[in-house]
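Here is the structure we will look at.
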């Protein structure tokens with residue numbers, strides 16, 4: 001019981017009693033703690049719900065109130081009820097006794113409840129007061145919380161979270177910088193005229209792609225000019241490959257480290273090297289069997305090794321082998337559940353091959369609203385789905401005319417923020433090579449001085 005045990009032990013140590021507290025409630029709290037320690041979570045939670053809803057709860061000392069609320073929140077989290085857990089953590093963290101366990105529990109509850117504003121707030125508090133706790137969370141959870149904050153509607157929360165993570169010197173596993181977060185923060189700072197702070201943030205951007213995005217934008221010429229070596233993309237790429245190669249050597253049992261290194265190799269077209277590394281890793285996994293795996297994280301990263309191998313195979317013209325590799329990868333579990341990522345990627349490959357029906361059939365097997373799918377994964381799935389639907393409509397004689405009408409441009413009207421985002425995504429979809437090719441095959445796009453879609 002991740003969050004329950006520390007609180008139980010603290011309570012049983014006996015430091016929370018207050019002379020003015022009603023004895024009956026105090027006994028119930030202790031009995032609930034004992035029940036929780038013995039694994040009787042439902043009984044413990046029921047006892048504590050009665051305690052906190054009692055009219056006499058206010059007569060308890062602040063320390064006892066805090067322990068009762070925190071323990072009830074922790075129990076709800078262990079009972080897979082993050083919404084209830086978040087409700088009680090929001091109360092327990094108001095007390096002066098609130099500590100890093102409370103705030104860590106609150107982040108976990110907010111994450112599983114997908115309350116991203118609250119998740120961000122919890123991370124900000126942890127980063128400011130207990131930065132060491134950040135390393136105990138899966139980095140993907142922290143990145144998901146940041147990514148789920150809308151830059152338009154949640155701008156202040158996004159800035160605060162990025163700044164707090166930066167000031168806490170947070171890094172990804174193996175010391176890799178989260179460059180996409182630092183790039184976003186630096187751009188935001190520059191937009192608000194905070195040049196000096198932006199330059200400090202930029203120094204921690206190591207991703208070649210993120211550096212390139214700043215280098216080619218005239219708005220950031222001063223930043224680039226001030227640090228020409230950092231914005232030497234070839235140099236940055238070589239440094240990234242050297243870093244991940246060193247991590248592979250230092251952690252030979254980490255398949256995640258090898259996966260990261262293959263990404264860096266793919267980024268510079270070293271497809272043969274990727275084939276060699278992934279082929280060797282997969283052969284070692286197969287030869288060792290499940291009882292003595294050569295890596296500590298086979299279940300999580302084997303699909304991604306196969307995914308990157310498929311990319312290399314496809315680039316080398318071995319298309320059938322690439323598809324077969326993805327077909328196999330998607331049958332493997334992803335984080336203990338259905339493999340969503342490789343299914344989406346395989347559907348995208350089918351779409352690239354003009355197999356829209358098969359892509360749609362594949363995507364139809366996924367529940368994309370299920371908990372745990374990343375925001376990126378949902379976005380990618382919807383992109384593939386919408387692209388496949390549009391290509392299929394263009395190929396259908398009965399639906400083609402309406403489909404062609406949908407892709408035309410008319411007079412622009414004022415749009416809300418939400419409508420602007422829809423339009424951005426729609427234009428990005430129409431710019432995809434497979435969609436452009438499908439349109440060109442059966443018609444064309446033009447701009448008309450009328451408002452389209454009015455019936």
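Values in this text are rule-based calculations from the coordinates and carry no lab data. Not measured: the values here are computed from a predicted model. When we count neighbours, we look across all protein chains shown, and the Cβ atoms used for this are built from the backbone with ideal geometry, even at glycine.
With 20 Å as the cut-off, how large is the P(r) tail for segment 203-343, expressed as percent of Cα-Cα pairs? Kindly include the intermediate steps, with their values, before the conclusion.
Details: 5321 of 9870 pairs.
Roughly 54 percent, once rounded to a whole number.
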If you look at just the Cα atoms of the chain, how large are its Rg and its Dmax in Å? 26.4, 83
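In segment 230-269, how does Rg compare with the Kirkwood Rh, expressed as the Rg/Rh ratio over alpha carbon atoms?
Values: Rg = 10.5 Å, Rh = 10.3 Å.
That ratio equals 1.02.
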Fewest first, what order do 320, 99 take by the number of other Cβ atoms within 10 Å? 320, 99
Work out Dmax and Rg for segment 50-117 from the C-alpha atoms and quote the Rg first, both in angstrom. 11.6, 34
Over segment 143-205, the quotient of the Cα radius of gyration and 2.2 N^0.38 Å is 1.05
Can you compute the helix-only [θ] at 222 nm over the chain? Use -39500 (n - 2.57) per DSSP H run of at least 4 residues, normalise by all residues, nearest 500 deg cm²/dmol. -21000 deg cm²/dmol
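Could you work out the equivalent-ellipsoid semi-axes for segment 128-282, taking the square root of 5 times each eigenvalue of the Cα gyration tensor, largest first, in whole Å? Let's see the in-between values first.
Working: eigenvalues 161, 88, 33 Å².
Taking √(5λ) for each eigenvalue gives 28, 21, 13 Å, largest first.
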For segment 194-239, the convex hull over Cα atoms projects on average to an area in nm² of 2.9
Three principal axis extents, largest first, for the C-alpha atoms of segment 75-167, in Å? 33, 23, 23
Which ordering of 169, 108 is given by a fewest-first count of other beta-carbon atoms within 10 Å? 169, 108
Sort 212, 72, 360 by Cβ crowding within 10 Å, fewest neighbours at the top. 212, 360, 72
